[in-house]
Amino acid sequence: MNDFQYEPIDVKGRNFRLLRLCQGKEGIECKLFPAQLHDEAPLHDDAPLHDDAPTYEALSYTWGPNEMSESIKVNGKEFGVTENLYLALQYLRSEKSDRTLWIDAICIDQSDEKERGHQVRQMGGIYKQANRVIFWLGPATYETNVVMDSLKSLQNKDNKETSKDWKIADKRWMDPWLAVQSDLRRQHPGLETLQRVGMKFLFERPWFKRVWILQEVANARAALVCCGTKSVSARIFALAPSLIEVQPEPHCQAVLNMMPGLNQDDSWWGKEPSLYTLLLQFNGSKASDPRDMIYALLGISKDARNSDILYADYTKNIEQVIQDTTSFVFDLSYSRYRTMEDFLQNLTDLNKKSIYEAARLSDAKRVAEFLKRRGNEVNITESVLEAATWNRSSGKEVMELLLQQQGDGVKITESVLKAAAENESGGKEVMELLLQQRGDRVKITESVLEAAAWQSGKEVMELLLQQRGDGVKITESVLKVAAQNRSSGKEVIELLLQQQGDGVKITESVLEDGERILRRYNIYISSFAV
């Protein structure tokens, strides 16, 4: 169906294409022409555009089935488009004036992988520079028309000068809304039911699930939500659930929180999410190309938007994209996941593994950078602290960073103390830190003493004996383990005997288990009853 041939664009610059949707009633005719982005696109509705910046609207819509079932004219040539895009163009076209748009399916040569990657990397700027973004939700129903008319009436009553700082949950919105409701009830019997049904229909539209709309929503300076022939500002549309008392799915609510025009400082979006947070929040999104589940989020993440490591590159296969993402987000060198679905379903497990591996293997500088970049995404668990005790290069420094990260929320358990006691190389320094910072909240148990008796030297045992108080006795089990410690058993047993005095009983079992060790070290034990 395609007779149209693209003219190549320079993929080294800031070039892109725009579409002029020609006025008319019959057929759809368009013209493509080159344009260029400015280095700094405006960030909000009030920011001035460059004098020579192109004026255009950007379309945000759902591709739907990939079948090019409809045909339009582009520069006089046949061009196949999906049914969804064809419907959108019909509704957006004016009978009396041309309209300049950016539409990804037409403005990007989808068959050219290098161009696709280049344009995807610029997409944030394309949407930021647009005068307005159109969120096209699809054709209307009677119920959706009722919702859109209701919101439009509220928009007509809204005074931005008084409401621009109001948040979504601000109760002051109810006064103009109730006034609108009173007028609409005369036109629509059962108004509230129709509004709730209409909102449900809108939230079920595929647009809310399409992964690319996230970047399109996030980068919009101003936006218009369109359904059929009805439209309302995104600022007012985002209020709908709280006014109509409909609870959208978390995914839909997250999209609403990103819409331009309302004060969103307290929302999750106002906290500048990382790529990991975005992947968790939107891993149920849909994309015709699985690689776009990553690429669509790069431009709106605080840590990956300008990355030289992770960027849209359609010459890479899915496994390569997953590996790049695993390396960037989790600092892990290998990923066993081969499909995007498996990867996204195991994000939390990968997060746990990345923290564990960092604590166990990385030096203090790298762990500090890791914690700074990941912030609240890092959960310091018992197993992470254990891993830090096994860090042979900088265990103390890493443990100190972990304790600072979690604050008083970190609990030093018996298992963590045992792991520190079993570290022959750096156990003393780690144990000193744990007892110094959390000494009043740790409990020295028989099991911890056994761990120290088996692996550690005299110095670690001294720390534990000083900390334990009167609650823990030197038992036969502790002595038996110490008797089998080939490297420092002599010093440990002498210390235990000195500390406990006549309270220690050297039994036949202790002698049997450690006879050779005891004789080798020539420990004097004849004064203790057997």
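The values are calculated or read from the model by the stated rules, or taken from the named source; none is laboratory data. What you see is a predicted model; the values in this text were computed from it and never measured. We place every Cβ from the backbone using ideal geometry, glycine too, and count neighbours over all the protein chains shown. Accessible surface areas use protein heavy atoms only, side chains included; no ligands, DNA or RNA. Shrake-Rupley method; radii C 1.70, N 1.55, O 1.52, S 1.80 Å.
Which of the residues belonging to segment 407-440 are under 33 Å from the mean Cα position of the chain (by Cα), surrounded by fewer than 16 Cβ atoms within 10 Å (Cβ to Cβ) and modelled with pLDDT under 80? Across segment 407-440, the qualifying residues are 407, 408, 409, 411.
For residues that are under 18 Å from residue 193 (Cα atoms) and not in a helix (DSSP H, G or I), scanning just segment 235-250, find the one that is farthest from the chain's Cα centre (by Cα). Filtering segment 235-250 for residues that are under 18 Å from residue 193 (Cα atoms) and not in a helix (DSSP H, G or I), the one farthest from the chain's Cα centre (by Cα) comes out as 245. Report, by residue number, each residue of segment 77-113 that is open to solvent by 30 Å² or more (accessible area, probe 1.4 Å), without any contact (Cβ under 8 Å) to a residue 40 or more places away in the chain and either in contact with a strand residue (DSSP E or B) (Cβ under 8 Å, 6 or more places away or on another chain) or outside any loop (DSSP other than H, G, I, E, B) (or both). Matches in segment 77-113: 83 only. Taking the conditions (1) under 18 Å from residue 272 (Cβ atoms); (2) free of Cβ contacts under 8 Å to residues at least 40 places away in the same chain; (3) in a helix (DSSP H, G or I) in turn, residue 373 satisfies each one other than (2). Considering (1) open to solvent by less than 10 Å² (accessible area, probe 1.4 Å); (2) assigned to a helix (DSSP H, G or I), the lone condition that residue 253 does not fulfil carries the number (1). Could you tell me whether segment 285-297 includes any residue that is of a type outside the set (Ser, Thr, Tyr), open to solvent by 40 Å² or more (accessible area, probe 1.4 Å) and more than 20 Å from residue 210 (Cβ to Cβ)? Taking every residue of segment 285-297 in turn, none turns out to be of a type outside the set (Ser, Thr, Tyr), open to solvent by 40 Å² or more (accessible area, probe 1.4 Å) and more than 20 Å from residue 210 (Cβ to Cβ).
The conditions of being open to solvent by 10 Å² or more (accessible area, probe 1.4 Å) and not assigned by the TED database to the domain that holds residue 222 are not met by residue 117.
Residues in segment 317-365 that are over 20 Å from the mean Cα position of the chain (by Cα) and small (Gly, Ala, Ser): 359, 362, 364. Scanning segment 152-162 finds no residues that are at pLDDT below 90, assigned by the TED database to the domain that holds residue 247, touching a Leu at 6+ places or on another chain (Cβ under 7 Å) and open to solvent by 20 Å² or more (accessible area, probe 1.4 Å).
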